Amino acid sequence: MKTKYYAIIDIGSNTMRLVVYLRDKSGRIKEKENVKVVARLRNYLTAEGVLDEKGIQTLVKTLRSFQEVTRFYELESTTCVATATIRHAKNQQEILELVDEETDFTIRVLSDYEEAYLGYLAVANSTPFQDGITVDIGGGSTEVTYFENRKLRFYHSFPFGALSLKRQFVAGEKPTEEELEHINTFVCEQLKTLDWLPDKQLPIIAIGGSARNVVQIHQEKVGYPLAGLHQYKMKKQDIEDLESELAPLSFSELQKVDGLSKDRADIILPAIQVFRCLLDIVGTTDFVLSRKGLRDGLLYEVLHRRNEMTLFTEVQERSFEELAKDFEIDRTHALQRQNTAVLLAKLVEKKGLVELNDHDTFLLKYAAYVYNVGAYIDTESGNQHTFYLLANRTIDGLLHKDRIILALLSSFKNKSFYNRNAEVFQSWFKEEELAHYRLLGAIIKLANSLHATKRNIVADIELQEDGDDLLLTVICNKDWRAEWYQVEKQKKHLEKQLRRNVELLFREDTHSYIS
């Protein structure tokens, strides 16, 4: 497969954005260009619903600037879409014809259903949630969906967004306390008209620039130790605290808030009212950001239509396949290590030495698959690189805490190395959790030792109690001496976590050897 480029242009009510995506030879999709212009087309929509001449010229001028970028690439396709402002403009046809004549682009005006569906599609293809409520606050509309078992059940597009709420309710540069109350009352009344929304008690998955800014402000506030916004989780109380801190600030002070884009300083508080009302009505405390939204949904649609990528439900599987491609993981060896790690963990569980739930098994399985992936960068410091890479890489389908657990397990070298990596995240875990994952890390390390020569010689493993000790029997189908040497050297890490001595018995064919 050759490298291919795809362009998506999103003409929103607040911002216009061009994203050029690169699909490399391995099939992985990356952003190559991301150009944003704060056009605020909604401000040029008259009371009669007509986009005025200045708004039309702003639109055309911005598209011409995007044209300079798109002409630089040999693009497989260019998809140009418009949302609420152009959708509602009574002179829509005139606008579309002018853009056709004066630019390289043909605008596709999305229906409210398409806008809601594409946002849902991006969330379903990039997060771990089986059920949830999505919300995408644009400049001139707000899309809300409810999905169950990853299938879209209901959607609604409200004719208000962060920018239109500001225009309707706010007289100055930023809302007063009274104006915020009016916005809150109005939004809550609107949301309550949806009979499928109240008391769902499902996470709110938020899409769009306002949600991104809320998360960025919160990350700056708490000194968040990780990179990345996608799948960042906040609580309802965090949203309320954020409003309490931002509301008293002057407009000039808002513009200087770390994490808040200067061009959103006047609309962030109206957007927060939407989030607050939605959290209250749905009856949930969980607020999660999806950095994947409308444009990503469009790209999935484009690639699916061209039969280059099917819509997928196994989000995590796809993420780890991408990891394998990016870091040239030997899949055969990784699967062998994975199977051995899961078998060892189940044997330890049978002896009553650990309790494993389905989520533990899931994390163990994938951590074993990408164990010491950082050796791709440098074999001598592979464990350090592994932790940094996995802790700071966006992995679709893994929330941030699970990403750290994965990084701790996959980089396990010894207790002190594990503890140093975990130290920054002490507040995320209870002591018993850290001890639990430390044991799983030692199991993965031992499983890796059992495949030291990558020959897949392990036919079976047994674990028995021998007084106060444990007897680990490894049945091999080829000479096992190299594996025995590595396991003998590394078993101390498992012994420390279990607080039991582990004796080794390697057996090849009918011959037995005891270390």
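Throughout, read-outs are computed from the coordinates displayed, never taken from laboratory work. All values reported here derive from a predicted model rather than from experimental measurement. Ideal geometry is used to build each Cβ from the backbone, glycine not excepted, and the neighbour counts take in all protein chains shown.
What to note about this one:
- Relative contact order [Cα under 8 Å, 6+ residues apart], region 113-293, whole percent: 29
- Net lengthening on full extension, Asp468/Ala375 (0.36 nm per residue, minus Cα-Cα): 29.8 nm
- Prolate/oblate/rounded call for region 378-484, Cα gyration tensor, a/c under 1.5 rounded: prolate
- Between the C-alpha center of region 59-131 and that of region 473-501 there is a gap of 58 Å.
- Neighbour counts of C-beta atoms inside 10 Å place Ser411, Ser164, Ser449, Ser427 in the sequence Ser427, Ser449, Ser164, Ser411, starting with the fewest.
- Among the trypsin sites (Lys or Arg not before Pro) in region 1-64, those placed in a DSSP loop whose Cβ has at most 14 other Cβ atoms within 10 Å are Lys2, Lys25, Arg28.
- When the helices of the chain are scored as -39500 (n - 2.57) per DSSP H run of n ≥ 4 and the total is divided over every residue, the value at 222 nm lands at -14500 deg cm²/dmol.
- Cut-off under 5 Å, modelled amide H: who pairs with Lys32 long-range: Val20, Tyr21, Leu22
- Site pair Leu353 and Phe72 shows an inter-label distance of 5.8 nm when each label is modelled 7 Å from Cα along Cα→Cβ.
- Ignoring aspartates and glutamates fewer than eight residues from Lys454 along the same chain, the ones with Cα atoms less than 14 angstrom from its Cα are Asp330, Asp479, Glu483.
- Counting only Cβ charges, +1 for Lys and Arg and -1 for Asp and Glu, the dipole size of the chain around its Cα centre is about 1240 debye.
- Listed by chain and number, the lysines placed with their C-alpha closer than 20 angstrom to that of Lys54 are Lys36, Lys90; residues fewer than eight positions away on the same chain are left out.
- Taking a ≥ b ≥ c as the square roots of the eigenvalues of the Cα gyration tensor, region 113-293 is oblate, since a/c reaches 1.5 or more and a/b is not larger than b/c.
- Extended-chain gain in nm, criterion 0.36 nm per residue less alpha-carbon gap, Arg455 and Glu31: 148.8 nm
- For Arg500, Arg403, order by how many other beta-carbon atoms lie within 10 Å, fewest first: Arg500, Arg403
- Extension reserve of the Arg420-Arg481 stretch, reckoned as 0.36 nm per residue once the Cα distance is removed: 18.7 nm
- Net charge contributed by nearby residues that have their C-beta within less than 11 Å of Met16 (K/R +1, D/E -1): +3
- Prolate/oblate/rounded label for the chain (Cα gyration tensor, a/c 1.5): prolate
- A DSSP coil position with no more than 15 other Cβ atoms inside 10 Å describes the following trypsin sites (Lys or Arg not before Pro) in region 179-245: Lys192.
- Residues whose placed amide H lies under 5 Å from that of Cys476, excluding near-sequence neighbours: Ala459, Arg507, Glu508, Asp509
- Cross-link reach list, lysines versus Lys200, counting only Cα pairs under 27 Å and skipping chain neighbours closer than eight places: Lys151, Lys192, Lys233, Lys235, Lys236, Lys292, Lys401
- Under 9 Å, Cβ to Cβ, from Thr394 - net charge with Lys/Arg +1 and Asp/Glu -1: +2
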